[in-house]
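The values are calculated or read from the model by the stated rules, or taken from the named source; none is laboratory data. Values in this document were obtained by computation on a predicted structure and should not be read as measured data. We place every Cβ from the backbone using ideal geometry, glycine too, and count neighbours over all the protein chains shown.
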Amino acid sequence: MLRAALPLLWLPLAGAGTTEEPTWEPGSPGEPPPGLALFRWQWHEVEAPYLVALWILVASLAKIVFHLSRKVTSLVPESCLLILLGLVLGGIVLAVAKKAEYQLEPGTFFLFLLPPIVLDSGYFMPSRLFFDNLGAILTYAVVGTLWNTFTTGTALWGLQQAGLVAPRVQAGLLDFLLFGSLISAVDPVAVLAVFEEVHVNETLFIIVFGESLLNDAVTVVLYKVCNSFVEMGSANVQATDYLKGVASLFVVSLGGAAVGLVFAFLLALTTRFTKRVRIIEPLLVFLLAYAAYLTAEMASLSAILAVTVCGLGCKKYVEANISHKSRTAVKYTMKTLASCAETIIFMLLGISAVDSSKWAWDSGLVLGTLFFILFFRALGVVMQTWVLNQFRLVPLDKIDQVVMSYGGLRGAVAFALVILLDRTKVPAKDYFVATTIVVVFFTVIVQGLTIKPLVKWLKVKRSEHYKPTLNQELHEHTFDHILAAVEDVVGHHGYHYWRDRWEQFDKKYLSQLLMRRSAYRIRDQIWDVYYRLNIRDAISFVDQGGHVLSSTRLTLPSMPSRNSVAETSVTNLLRESGSGACLDLQVIDTVRSGRDREDAVMHHLLCGGLYKPRRRGALRCAQAHASSPPPQPVQRRSYPGRVGRGTWQSTCPQKPPRLYPWTCRQAGTRASHPWRAWHPRPVPRPPL
């Protein structure tokens, strides 16, 4: 499996080993033992890992070359370019070696290439948007896949009975249903590769992509049931076998989801205790998620559904438990693995299509399959959308239905499943392989090239990437509570009611069990936001030279989402805002108390910019008011006191605060004793 690498790089090395030098075996009589060799060529010992490394290198270089031209990548999707590159490399290898090498093996695809892509999709999937459209996603994934499978298979069988398919294609109704089960499912890899470049709106993307992920359970069940019926023979199939096939749909889907939930719970619980071993946090995320995939595959359950549920369920708790550096490592490592796997898959698809010994051509079967998958896909989307719009608050319009019908892409999953067919049981396997290759190339290349102009021509709403403001988050949270309260008052337990109950259950039980105490600590959110804004203002003040800025010149970074930050830490805020202020991290890490550590960080920051702490200034102002008569009205001076967002006003009408030029030794003493830094020593009273 690991030898599925670039054939072009293997050929010169294979040709170099044709002339072998004479060697002596240690046990051969009459021959002297070999002497000390200064240089030995040991290619066969490093062949497999070396080819894998070269394959990944060539795939990465191909992506770099493609993106050198902005005009090409804006018109042609990257997946199309990779397939075309695979076709060229496969043709060169076939012309030189006279045989095709290194095909896309199903074992390599399902065990090594597919898991990183699905994990990346499930882990970074917007959970709120996914659950808001869960009903539509399940309808298209389950009902739509069943509809496409049975209509496509039956239509192809009818095409054969009408004589439009060559008689050499020896296939019955069960054979065509088996082929319909693998060719009708929407492929997640192809959808992700094409729709991410089109940038359609979030609702349309989550429906199509969620369908491609969740229809795996239906595809696995239909493929295994139809394959078992073909091996048994239509005469030996009984009524109980049909009931077992229906029951297996629930077992495979619910079992895969249960495996994903179990490993998500274990992953969240494990990361709760990694506070002193931060270095293994990214390893635990990848290891347990991959274990969920392998466990579901071992139990013949839906592995794609298992790893999707695992990533979707554990993200909130894992992100709250692990450190900021671990979150960054997990994010970029996961994105890198998914991108490399996707690149290798499309290149191997192009190389595998060159091997003509594994497929046979029939024009009637190919053209009929292309027409039926497009027609029944569009018809199924229209009928299901009409039913869903009766219950949706925001209905899906006709333009969305056109994009959903045209966006049903097929990819490497269908190709890997058709390669797994047994030629002795399915005589028409070679014709099915050729038809699958044509369908995959047509959907990825032709539909992938034309879907972006189609979206522009139909004026489909595009996605808007921005972080919600505090006002938007506040109103969104308020509307959720109002809708849940309305449903509770009228006695209708709908979606908003159950979501509110789930949030209460999560806050009361799951968060306290799966998060560290500092992560789920309940505090006043308004004060928490006010505290963060003050720290950001101080950071911006120091970064811009220590001068007090007006509201027109002061720019604040956008606030992160309330679910993305679990703890209030000055160091995290410094990292997020990209501050250039220098902090002594070694001194900060030696402070035991969390509150003392934050005070020390703030003190270092303010001392470096000669910024006087507010509490000390307020205390001096209070002492001045208590010991002196009311002053005359004077001109107000600028002093950094937070009144509103982005506004700096005066807090004391007295003389401006005196800036103390502390030395490094005094700053270190104040950092080690933060209480003294914030509270001055009391002035002794004069003797009476």
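As for region 266-280, it holds no residue that is crowded, with 19+ Cβ neighbours inside 10 Å, in a helix (DSSP H, G or I) and basic (K, R).
Restricting to region 323-353, name every residue that is in a loop (DSSP other than H, G, I, E, B) and surrounded by 24 or more Cβ atoms within 10 Å (Cβ to Cβ).
Within region 323-353, the subset in a loop (DSSP other than H, G, I, E, B) is 323, 353.
Once the filter is applied, which keeps residues that are in a loop (DSSP other than H, G, I, E, B) and surrounded by 24 or more Cβ atoms within 10 Å (Cβ to Cβ), region 323-353 yields only A353.
In this structure, T343 does not qualify as among the polar types (S, T, N, Q) and out of contact with any helix residue (DSSP H, G or I) (no Cβ under 6 Å at 6 or more places or on another chain). None of V387, V381, V444 is surrounded by fewer than 16 Cβ atoms within 10 Å (Cβ to Cβ), assigned to a helix (DSSP H, G or I) and in contact (Cβ under 8 Å) with a residue 40 or more places away in the chain except V387.
Looking only at region 209-220, count every residue that is of a type in the set (A, V, I, L, M) and farther than 19 Å from Y123 by Cβ and tell me the total.
The first filter runs over region 209-220 and keeps only residues of a type in the set (A, V, I, L, M), leaving 213-214, 217-218, 220.
Among the residues that remain, those that are also farther than 19 Å from Y123 by Cβ are: 217-218, 220.
So the count comes out to 3.
On the stretch given as region 138-166, residues that are surrounded by fewer than 24 Cβ atoms within 10 Å (Cβ to Cβ), part of a helix (DSSP H, G or I) and among the hydrophobic types (A, V, I, L, M, F, W, C) total 9.
For region 66-137, list the helices (runs of 4 or more DSSP H) that sit wholly inside it and hold at least 1 residues that are without any contact (Cβ under 8 Å) to a residue 12 or more places away in the chain; which are they? Once the helices (runs of 4 or more DSSP H) in region 66-137 are filtered for at least 1 residues that are without any contact (Cβ under 8 Å) to a residue 12 or more places away in the chain, what remains is 70-75, 78-97, 127-132. Can you confirm whether I206 is among the aliphatic types (A, V, I, L, M) and in contact with a Phe, Trp or Tyr (Cβ under 7 Å, 6 or more places away or on another chain)? Yes: the conditions hold for I206. One residue stands out in region 396-428 among those that are under 27 Å from the mean Cα position of the chain (by Cα) and assigned to a loop (DSSP other than H, G, I, E, B): the one that is farthest from S212 (Cα to Cα), namely L396.
Looking only at residues in region 83-132 that are under 30 Å from G311 (Cα atoms) and in contact with a Gly (Cβ under 7 Å, 6 or more places away or on another chain), the one that is surrounded by the fewest Cβ atoms within 10 Å (Cβ to Cβ) is F130. What number of residues within region 167-218 satisfy the criterion of being assigned to a helix (DSSP H, G or I) and either among the hydroxyl-bearing types (S, T, Y) or not assigned by TED's automatic domain parsing to the domain that holds G364 (or both)? The qualifying residues number 3.
Of the residues L483, L513, L533, which single one is modelled with pLDDT of 75 or more and under 30 Å from I399 (Cα atoms)?
Numbers: L513 fails: under 30 Å from I399 (Cα atoms); L533 fails: under 30 Å from I399 (Cα atoms).
Exactly one of L483, L513, L533 is modelled with pLDDT of 75 or more and under 30 Å from I399 (Cα atoms), namely L483.
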